[in-house]
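The values are calculated or read from the model by the stated rules, or taken from the named source; none is laboratory data. Just so it is clear, the structure is predicted and the values come from calculations on it, not from any experiment. Cβ atoms come from the backbone with ideal geometry, glycine included; neighbour counts cover every protein chain shown.
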Amino acid sequence: MGKSFSPTPDQFRQENGYEIDGVWYPRVTSIVGIKAKPALYRFYGEQPSFYAGQQVTERSAEEGTRIHEAAQAILLGEEPEVPNDIAPAIQAFRKFIERQPITTEAAHIERRIHHPEMRYAGTIDILGTMKGRVGVIDIKTSQAIYRDYNLQTSAYMEALLPDFPDLSTRWILRLDQLQFCQDCNSSRRVKGGREKIKKDYTSKVKSCGIHIWGPVTGIAQIKEFPDWKDDYAGFLAAKRLWEWENAELLESIGY
C-alpha cells in the first residue's frame with residue numbers, strides 16, 4: 001500500500017495562504033476546500049485514473065483562468081485578444097454587460113483582502129457596482145451555480161465591510177459554453193478536454209440516435225445572494241474544521 005502524500009511545512013505555507021505585513025493568513029479557497037464535494041468525487045470516479053482526472057481538472061482551470069482574465073480586462077475598457085476556444089463565453093459576457101453594466105476599477109479587480117481578527121485572506125474577482133449597489137462579483141466557469149460558493153463570498157463580504165461600508169450584496173456570474181442538439185435539445189459541454197452530454201427531459205423528442213450539434217453558445221448566468229451572515233457562520237465552522245484537520249502543519253509554521 002502506497003504512502004499518502006503529506007506536504008512539507010514550507011509547501012503547505014505556500015500553497016494554502018498568503019503572508020501579509022509579516023503575518024501568514026490561510027487562503028479562503030483552501031479553507032472551504034475542507035467541505036465534501038460529492039460531484040467532484042463522482043467526476044474522479046468516472047475517470048480512467050486519478051492522473052487522468054487531474055489532467056482534465058488542470059486544463060479546465062486553465063480555461064477558466066483565461067475567461068476570468070479576458071472578462072476582467074473588458075471591464076477595464078481594454079480589448080484583450082480572445083482565443084477561439086473561449087470566444088463564445090466572452091461574447092456572452094459582452095452581451096451581459098451591455099444589458100447590465102458593471103462599474104469597477106483596476107484596484108478592485110483581483111484585489112487581495114484579509115481579515116486580521118478572524119485570520120484569513122483571499123483574492124476577490126471583482127468589487128463593483130451593478131444595479132446601483134456595491135457588491136462582490138465572483139466569476140465562475142462551472143456547469144452550475146453551487147451553494148458552496150456562498151461560503152467563499154461571505155468571507156469576502158465580512159473582510160471588506162470595514163473599508164467599504166456601502167457594500168451590500170454579492171453576485172455569482174457564471175460564464176460557460178454549450179452546444180445544443182438540433183433534434184432533442186440535449187446539451188453538450190466540453191471543458192478541459194472532457195465531454196459531458198445532458199438530456200433535456202422536457203423535450204418532446206424522447207430519444208435521438210445521433211445528435212446534431214449546433215454552434216457553441218456562450219452562457220452568462222447571474223445570481224444574487226444578498227443575505228450572507230448565515231453563510232459566514234458556515235465559513236467559520238469550515239475554518240475551524242480546516243484548522244483541526246491541519247493542526248500539526250499549522251503548529252509547525254507558527255500559526
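Structure data summary
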quantity	calculated
Per-region count, the range 88-117, residues in a helix (DSSP H, G or I), over 22 Å from V134 (Cβ atoms) and without any contact (Cβ under 8 Å) to a residue 60 or more places away in the chain	1
Count of residues meeting criterion [at positive phi and touching a residue at least 24 places away in the same chain (Cβ under 8 Å)] in the range 129-174	1
Residue within the range 179-192 that is closer than 30 Å to G135 by Cα and among the polar types (S, T, N, Q) present	no
The range 114-140, residues that are within 21 Å of G33 (Cα to Cα), surrounded by fewer than 22 Cβ atoms within 10 Å (Cβ to Cβ) and β-branched (V, I, T)	T123, I139
Residue in the range 118-128 that is over 20 Å from the mean Cα position of the chain (by Cα) and modelled with pLDDT of 95 or more present	yes
Residue match in the range 77-97 (condition: under 15 Å from I219 (Cβ atoms) and of a type in the set (F, W, Y))	yes
Segments classed as helices (runs of 4 or more DSSP H), wholly inside the range 1-59, with at least 1 members that are surrounded by 14 or more Cβ atoms within 10 Å (Cβ to Cβ) and modelled with pLDDT of 75 or more	9-16, 28-32
